[in-house]
Amino acid sequence: MNITILEDNLEHAIRLENVIKAIAKDLHISVRVHTTGKVAEFQESVKMDRAHHLYFLDLDIKGDQRQGFKMAEIVRERNPFAIIVFVTTMFESAPLAFEYHISALDFIRKDLKNFDQKVRDCMEYAWRQFNVAESMERPEDILCYSYRGKLELKVPFEDVFYIETTPISHKLLVQARNFRMEFYGTISEIMEIDVQQRLYKVDRSTLINVDNITSVNKRARELIFFDGSTYPLPPKRLRMVEKLLVAKGDNDQK
C-alpha cells in the first residue's frame, strides 16, 4: 500500500511514520511511505502516485492554515479514488472540507489518546477498499507495468486515454479516465505487455486507446475523447486514427 505524509513538523512527521510502519508490520501489510513537509515536493510526488493511494495531510503548512486543504484538492482532482486523512491540531477546521469538496475519510487530532488506533482504523479501511477494487479486476484487462523491478503503473486498459513520452529520459505520462500521472518506463516496453494491442502507436512517442475516442476534429487537429478532453495530432496521424475509428465502427456493427 502506498502512503504519503504531508507534515512540516519533523517531530510529528517521524511519529506518524513510525506509527504507520508499526501498524503495517502488525497487520502484515507491505507499505511504501513517502514523507515530506515541502509543498512543491508533495505536488511533484502526486504526479507519480497511483490510483490506490492513502494520504495523511496536516492542515497548517508553513503558516498557511488551509494548505492541507489545497493539497487535498489537487489530489482529488487527479485521483478520485485516493483516500485522504487529515492529521491536525486544528480540529475546528474540519467543516471546511465540505467547502473544498474533498471527501476526506477522517480528521485525526494529534493530541488524541487513541491516536494510534485512529490511524490503524484508516489503514485497515484503505486496505480493504484497495483489495476490493483489485479483486474485481481481471489480470488480462489490467495494464500492470514495472520498470527496473519497481511497480510503476497499474490501471485498467479501458481507462487509458493515451500514454506519451516526456522531456525527461525514460519518463512517461499516462492520461487515464480518472487520473493523470508521470511514471518511469518506455513506450516499447508498454507495447510488449499490451499483448491484445489495445493501445495504438500513432508515432514514436505516443500510444492512444482508440476505444476511448469519440471523434476527430480535423480543423482543430485533435482527437476528442468521450469525456470531452482532447489530444493534438498532426493531420497525417489524425487520418490514421480516423481510419481506425471507421474500421472499429464497421467491426462493432458485425
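Counting only helices (runs of 4 or more DSSP H) wholly contained in segment 1-79, the ones carrying 1 or more residues that are touching a residue at least 40 places away in the same chain (Cβ under 8 Å) and touching a Leu at 6+ places or on another chain (Cβ under 8 Å) occupy 67-78. Is it the case that M191 is out of contact with any Pro (no Cβ under 7 Å at 6 or more places or on another chain), part of a helix (DSSP H, G or I) and either closer than 29 Å to F130 by Cα or touching a residue at least 60 places away in the same chain (Cβ under 8 Å) (or both)? Judged against the criteria, M191 is a match. Out of all the residues in segment 120-128, is one or more touching a Phe, Trp or Tyr at 6+ places or on another chain (Cβ under 9 Å), modelled with pLDDT of 90 or more, assigned to a helix (DSSP H, G or I) and not β-branched (V, I, T)? Among the residues of segment 120-128, at least one is touching a Phe, Trp or Tyr at 6+ places or on another chain (Cβ under 9 Å), modelled with pLDDT of 90 or more, assigned to a helix (DSSP H, G or I) and not β-branched (V, I, T), which makes the answer yes. Among the listed residues T230, T165, T206, identify the single one that is outside the structural domain of I74 (by TED's automatic domain parsing), touching a residue at least 24 places away in the same chain (Cβ under 8 Å) and within 25 Å of I74 (Cβ to Cβ). Exactly one residue qualifies, and that residue is T165. Any residue that is modelled with pLDDT of 85 or more, assigned to a helix (DSSP H, G or I) and farther than 21 Å from R177 by Cβ - is there at least one of those in segment 80-98? No.
Quick one: in segment 165-182, of everything that is under 11 Å from S205 (Cβ atoms) and more than 16 Å from the chain's Cα centre (by Cα), which residue is surrounded by the most Cβ atoms within 10 Å (Cβ to Cβ)?
Step one: filter segment 165-182 for residues under 11 Å from S205 (Cβ atoms), giving 165-167, 172-173.
Narrowing the set further to residues that are more than 16 Å from the chain's Cα centre (by Cα) leaves 165-167.
Details: T165: 18, T166: 12, P167: 5.
Filtering segment 165-182 for residues that are under 11 Å from S205 (Cβ atoms) and more than 16 Å from the chain's Cα centre (by Cα), the one surrounded by the most Cβ atoms within 10 Å (Cβ to Cβ) comes out as T165.
Beta carbons closer than 6 Å, at least 6 apart along the sequence or on distinct chains, never pair a first residue in segment 149-162 that is assigned by TED's automatic domain parsing to the domain that holds R198 and farther than 15 Å from I187 by Cα with a second that is of a type in the set (F, W, Y) and in a loop (DSSP other than H, G, I, E, B).
Given the conditions (1) touching a residue at least 40 places away in the same chain (Cβ under 8 Å); (2) surrounded by 15 or more Cβ atoms within 10 Å (Cβ to Cβ), and given that E140 satisfies all but one, which numbered condition is not satisfied? The single condition E140 does not satisfy is (2).
Taking the criterion of being among the acidic types (D, E), modelled with pLDDT under 90 and within 18 Å of the chain's Cα centre (by Cα), would at least one residue in segment 48-62 satisfy it? Yes, there is a match, as at least one residue in segment 48-62 is among the acidic types (D, E), modelled with pLDDT under 90 and within 18 Å of the chain's Cα centre (by Cα).
Could you tell me which residue of segment 183-196 is modelled with the lowest pLDDT, considering only residues that are closer than 11 Å to E164 by Cα and buried (at least 17 other Cβ atoms within 10 Å of the Cβ)? The residue in question is F183. Scanning segment 146-160 for residues that are more than 16 Å from F81 (Cα to Cα) and within 14 Å of the chain's Cα centre (by Cα) gives L151, E152. Look through segment 208-242, keep the residues that are of a type in the set (V, I, T) and in a helix (DSSP H, G or I), and return whichever of them is surrounded by the most Cβ atoms within 10 Å (Cβ to Cβ). Result: V241.
Exactly one residue out of L153, L199 is under 16 Å from K47 (Cβ atoms) and either surrounded by 15 or more Cβ atoms within 10 Å (Cβ to Cβ) or in contact with a helix residue (DSSP H, G or I) (Cβ under 6 Å, 6 or more places away or on another chain) (or both), and it is L153.
The values are calculated or read from the model by the stated rules, or taken from the named source; none is laboratory data. Nothing here was measured: the structure is a model prediction, and the numbers come from that model. Note that we place each Cβ from the backbone using ideal geometry, even for glycine, and neighbour counts take in every protein chain shown.
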